[in-house]
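Step one of this worksheet: look at the structure below.
The values are calculated or read from the model by the stated rules, or taken from the named source; none is laboratory data. This is a predicted model, so every value here is computed, not measured. Every residue, glycine among them, receives a Cβ derived from its backbone with ideal geometry; neighbour counts consider all protein chains shown. Just so you know, the surface numbers come from the protein's heavy atoms only, side chains and all, with ligands and any DNA or RNA stripped out. Shrake-Rupley method; radii C 1.70, N 1.55, O 1.52, S 1.80 Å.
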Amino acid sequence: MIYSNRHEWLAAKDKRVLLFGMSGLGKTWAADLLRDAGWFHYSVDYRIGTRYMGERIADNFKREAMKNPFLAELLRTDSVYIASNITFDNLAPLSTYLGKPGDPTKGGLPFEDYMYRQSEHREAEKFALLDTAHFIHRAQDIYGIENFVCDSGGSICEVVEPDDPNDPILHALSQNLLLVWIEGSDAHTAELVERFDRAPKPMYYQPAFLASKWAEYRALKGVAEDKVDPDDFVRWTYAQALAHRQPRYAAMARNWGVKIRAQDLYRVRDAKGFAALIADALPE
């Protein structure tokens, strides 16, 4: 770790952290708090949705627009401009592009197309994570900002091997930032599952996990691929995905960083309180 103990962390003029954990536990909230205090905020999901998948997202919008004769003619003559309005706090365009597999009459994608988009996201996420060091330098060189927070996506644990001491992404990240796991409780998990059940959204999963759950779901429900209810499938998969990710997050914290509890993070009100919380997670 770049800060081997609490003294080094507290004395550092350039505090640099990467927050990871389940989506919805406060990564972006904490990053926004630190940004308001003058830290540089690097969002991995925003980078994915702009630098690496922005053109694909816009093309997907255009593909849908071309189904409307009025819009199709305007697009053919370059009379309208369609673009993604993705922001740090609104990543819906990226989720929409990932989509959900199943019945096309319910907005589902053929499973092969869905898996292809998943693979696109996987590669984009790897590149976006490796871009972190560039943005640390950019923040210092252009803006003169030393303190840096990387707001990673919930799927970071799916694109790395936490128990591999030679994992290239985790090695690169740990050379430049302190990796901090925001650990949720069982109550948080139940709340996230309930929230997802109300508004299911596309997510990235490891291909082997996703393929096994797709086969398991269809066998359980007795439905063909093109008859799967997309929302029902992602709801059914979500809780199992959280359980799948939990030990991977834990291994990342154990081998590459530290952990803090979500309930402790929620009590933080400023950058000073955040620094104190991280200090408590580090050795004396």
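Worth pointing out:
- Cβ-Cβ contacts under 6 Å between residues 6 or more apart (or on different chains), taken from a first residue in segment 2-21 that is among the basic types (Lys, Arg) to a second residue that is buried (at least 22 other Cβ atoms within 10 Å of the Cβ), are listed as Arg16/Phe148; Arg16/Leu177.
- Just one of the listed residues (Phe274, Phe233) is within 23 Å of Tyr116 (Cβ to Cβ) and surrounded by 14 or more Cβ atoms within 10 Å (Cβ to Cβ), and it is Phe233.
- Checking each residue in segment 1-41 for being among the acidic types (Asp, Glu) and either in contact with a Gly (Cβ under 7 Å, 6 or more places away or on another chain) or not in a loop (DSSP other than H, G, I, E, B) (or both) picks out Glu8, Asp32, Asp36.
- For Asp167, the conditions (1) out of contact with any helix residue (DSSP H, G or I) (no Cβ under 7 Å at 6 or more places or on another chain); (2) within 28 Å of Pro93 (Cβ to Cβ); (3) open to solvent by less than 40 Å² (accessible area, probe 1.4 Å) all hold with the exception of (2).
- Scanning segment 216-246 for residues that are in contact (Cβ under 8 Å) with a residue 40 or more places away in the chain and hydrophobic (A, V, I, L, M, F, W, C) gives Val228, Phe233, Val234, Ala239, Leu242.
- Checking each residue in segment 133-158 for being open to solvent by 10 Å² or more (accessible area, probe 1.4 Å), assigned to a loop (DSSP other than H, G, I, E, B) and touching a Leu at 6+ places or on another chain (Cβ under 9 Å) picks out only Asn147.
- Test for Tyr249: is it open to solvent by 50 Å² or more (accessible area, probe 1.4 Å), touching a residue at least 60 places away in the same chain (Cβ under 8 Å) and in contact with a Gly (Cβ under 9 Å, 6 or more places away or on another chain): no
- The C-beta contact set for segment 163-186 (first residue free of Cβ contacts under 8 Å to residues at least 40 places away in the same chain, second residue open to solvent by 10 Å² or more (accessible area, probe 1.4 Å) and not in a helix (DSSP H, G or I), distance under 9 angstrom, 6+ apart or interchain) comprises Asp167/Glu161; His171/Pro165.
- Selection status of Val160, in contact with an Asp or Glu (Cβ under 7 Å, 6 or more places away or on another chain) and among the hydrophobic types (A, V, I, L, M, F, W, C): yes
- Qualifying residue in segment 112-126 (condition: modelled with pLDDT of 95 or more and more than 19 Å from the chain's Cα centre (by Cα)): yes
- Counted as qualifying within segment 42-116 are the helices (runs of 4 or more DSSP H) with 1 or more residues that are open to solvent by 30 Å² or more (accessible area, probe 1.4 Å), aliphatic (A, V, I, L, M) and at negative phi, namely 69-76, 92-98.
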